[in-house]
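The values are calculated or read from the model by the stated rules, or taken from the named source; none is laboratory data. Here the structure is a predicted model, which is why all the values come from computation and not from measurement. Heads up, the Cβs are rebuilt from the backbone with ideal geometry, glycines too, and the neighbour counts pull from every protein chain shown. What goes into the accessible areas is simple: the full protein's heavy atoms, side chains included, and nothing from ligands, DNA or RNA. Shrake-Rupley method; radii C 1.70, N 1.55, O 1.52, S 1.80 Å.
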Amino acid sequence: MSETIFTKIINKEIPADILYEDEQSLAFKDINPQAPVHFLVIPKKAIATINDITPDDREVVGHLSVVAAKVAQKLGIADEGYRTVMNCNEFGGQTVYHIHLHVLGGKPLGWPPYTAKMKEPE
Ligand code: AMP
């Protein structure tokens, strides 16, 4: 798998606004926030997409939600609520091929979340 910008953030080769770090994971603010609070939780292990998660990754992938909740609490959005999203491949809107949990909050979020128009059948 080719290296992504998130590997550079993990290795501190490029800066990020880091909110939490441990042996397995890193949480940092999204550079292009889609809500008043928008951060990403990533595993340090480079896994390209949800499709590439193996049974051996269960612990680390579950850990991402534990970290999401911990950081949400720290940022004061836990009680009002927030959304976690993991996009997969093109139709899921994935642009960085190193899995990441988006955590969005700080305002009421609409549902359904997508805005892209479906193509009309010909
Ligand atoms: P996705 O489209 O689900 O793959 O999400 C990738 C996210 O990474 C987007 O929300 C981007 O704004 C965010 N992003 C890309 N580069 C950086 C960066 N250098 N620091 C923080 N967030 C980034």
Share of alpha-carbon pairs per 5 Å distance bin for the stretch 1-102, given as whole %: 2, 12, 25, 26, 21, 11, 3, 0
Please work out how much accessible surface LYS45 shows to a 1.4 Å probe, ignoring ligands, DNA and RNA, in Å² rounded to 10. 100
With every protein chain kept in place and a 1.4 Å probe, the residues ARG83, ARG58 fall, from largest accessible area down, as ARG58, ARG83
When only Cα pairs under 8 Å and 6 or more residues apart are kept, what is the percent relative contact order across the chain? 28
Among ILE99, ILE31, what's the order by accessible area (1.4 angstrom probe), most exposed first? ILE31, ILE99
Given PRO43, GLN73, ILE31, which one lies farthest toward the positive end of the charge dipole of the stretch 5-105, if we put +1 on the Cβ of every Lys and Arg and -1 on the Cβ of every Asp and Glu? ILE31
How far, in nm, would the chain grow between ALA69 and ILE5 when pulled straight, counting 0.36 nm per residue and subtracting the alpha carbon separation? 20.6 nm
Where nothing but the Cβ of Lys and Arg (+1) and of Asp and Glu (-1) is charged, how large is the charge dipole of the chain around its Cα centre, in debye to the nearest 20? 300
Taking a point 7 angstrom from the Cα of GLN24 along the C-beta vector, which residues in the stretch 76-116 have backbone N less than 20 Å away? 84-87, 98-103
Dipole of the chain, positive direction: furthest Cα of PRO113, GLY93, ILE5, with charges on the beta-carbon: PRO113
Using a 1.4 angstrom probe on the protein heavy atoms only, could you order ASP22, ASP56 from most to least accessible area? ASP56, ASP22
With charges set only on the Cβ (+1 for Lys and Arg, -1 for Asp and Glu), what does the dipole of the stretch 1-66 come to about its Cα centre, in debye to the nearest 20? 140
